[in-house]
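Just so you know, all these numbers are worked out from the coordinates, no wet-lab data involved. In this text, all values refer to a predicted model and were calculated from it rather than measured experimentally. Neighbour counts run over all protein chains shown; Cβ positions are idealised from the backbone, glycine included.
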């Protein structure tokens, strides 16, 4: 699209649509300007590697710090690319056709989250993280505007992997076991996490849990959407319900700007790799339902322990 086409696009916009783009864009540019004046020494790598929280998951009060050498104390770090993913079974799943050259496959996402709930209703953390690996691929597929979110999510998954593969791994097999272990040994930090402690698994997974609700709502809205629906509005609605209250005003404006860069509805439906629009919507709704079950079970665990509002 050339400059002339871009100009015609904005000329044809209504004033409300134009304001909806310009306001978050102005706020985002202001945020970048202020960051350049006040935090010249902060690099992006420090934000996404755990040195400082980025804020997408409501971490602005998090005070945990990394140890020497950039590694968390008492954790055995494993690169996400080297994590042995579990072999999960999906007896009722008909895999969607693979799209050549596309990393994201919704059948793998659905299979992982189905497998992360065992017969006793426990959340299996390795399978849960395998599902999040697929969600990160989905976030990446939404466009470059979501790159920071994808990298921050990857950092949180790596923190959880460190727990699951570390010296206390038996206590991190299930969500329920992790919560009991960290509370018993005072590793959660109900008010604030002491800087000499490693990142709490309960606190880290809570951030993923909140983001899971946002993505679950977004996929559900996409599945129920009608032709001509603007995905940016659906994504913003899901964000307002699931995540907005945990974020500062600046982060909310930056998020709104990212939503405006979402692909069109037909492009998003193509990501599902289904045989037609009807099957794509059915897969979206099935996946959203599975994510909802995992979210509700996790919510019950956190609520029963009074951990839903961890800072």
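Only residues that are in contact (Cβ under 8 Å) with a residue 12 or more places away in the chain and buried (at least 18 other Cβ atoms within 10 Å of the Cβ) were counted across segment 275-285, and they come to 2. Among residues that are under 22 Å from residue 297 (Cα atoms), over 17 Å from the mean Cα position of the chain (by Cα), buried (at least 17 other Cβ atoms within 10 Å of the Cβ) and touching a residue at least 40 places away in the same chain (Cβ under 8 Å), residue 129 is not included. Based on this model, can you work out whether residue 218 counts as crowded, with 22+ Cβ neighbours inside 10 Å, in contact (Cβ under 8 Å) with a residue 12 or more places away in the chain and under 28 Å from residue 115 (Cα atoms)? Yes.
With the structure loaded, tell me whether residue 205 is closer than 15 Å to residue 129 by Cα and in contact with a strand residue (DSSP E or B) (Cβ under 7 Å, 6 or more places away or on another chain) or whether it fails that test. In short, no.
Selection over segment 178-189 of residues that are free of Cβ contacts under 8 Å to residues at least 24 places away in the same chain and either part of a helix (DSSP H, G or I) or under 23 Å from residue 115 (Cβ atoms) (or both) gives a count of 4.
Would you be able to say whether some residue in segment 262-274 is at positive phi and buried (at least 20 other Cβ atoms within 10 Å of the Cβ)?
yes
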